[in-house]
Amino acid sequence: MHELGIAAEAYRMCRARLDARPDGPFRLERVALAVGELSAVEPDLLRFAWEAVVEDTPDRGAVLEVEWRPARQSCAACGEVKDRQPGSWLRLCPACGGALSVEGGQELDVLRFTCARRAAEAAPSAGGAAR
């Protein structure tokens, strides 16, 4: 399942941005990904993989939001074909018989993420040993 690798890379990218901030530490709360219809990524599997990736991290419970981006088919003469069923592809325009082109639907991008300041780590007491 390549969704696991995608989820891990999205997490790594977001975490690297947070860790680079000098005013940290921060906890990741939400990540939004654009997923295109032609990206060969299943949104439900990606969400499931995300939960596994963040499970044993300080960001446990961070939510992955998937923003679905459909592909569009269009005809040079007639414009966009509006009545295409999701997942189905036409080769010829139903109105004029001309060849159709496919646009969009290949997105796989981190759009944005939100974070919150992480609670300060408990400092060891002056008389006790550091752990």
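Which of the residues that make up region 76-101 are within 27 Å of the chain's Cα centre (by Cα) and modelled with pLDDT of 90 or more?
If the condition is that a residue be within 27 Å of the chain's Cα centre (by Cα) and modelled with pLDDT of 90 or more, then S101 is the only one that fits.
Filter region 71-107 down to the residues that are under 21 Å from L33 (Cβ atoms) and of a type in the set (D, E) and list them by number.
E103, E107
Any residue at all in region 31-38 that's charged (D, E, K, R) and under 17 Å from the mean Cα position of the chain (by Cα)?
Yes, there is a match, as at least one residue in region 31-38 is charged (D, E, K, R) and under 17 Å from the mean Cα position of the chain (by Cα).
Please identify the pairs in which a residue from region 26-47 that is aromatic (F, W, Y) has its Cβ atom under 7 Å from the Cβ atom of a residue that is surrounded by 18 or more Cβ atoms within 10 Å (Cβ to Cβ) and assigned to a strand (DSSP E or B), counting only partners at least 6 apart or on another chain.
Correct list of pairs: F26/C115.
Show the residue pairs that are 6+ apart or on different chains and have beta-carbon atoms under 7 Å apart, the first residue being within region 1-16 and touching a residue at least 12 places away in the same chain (Cβ under 8 Å) and under 15 Å from R112 (Cβ atoms), the second being of a type outside the set (K, R) and assigned to a helix (DSSP H, G or I).
Close Cβ pairs (under 7 Å, with a partner that is of a type outside the set (K, R) and assigned to a helix (DSSP H, G or I)) amount to Y11/V53; Y11/V54.
The values are calculated or read from the model by the stated rules, or taken from the named source; none is laboratory data. Only a predicted model underlies this, so the values are computations on that prediction, with no experimental measurement involved. We place every Cβ from the backbone using ideal geometry, glycine too, and count neighbours over all the protein chains shown.
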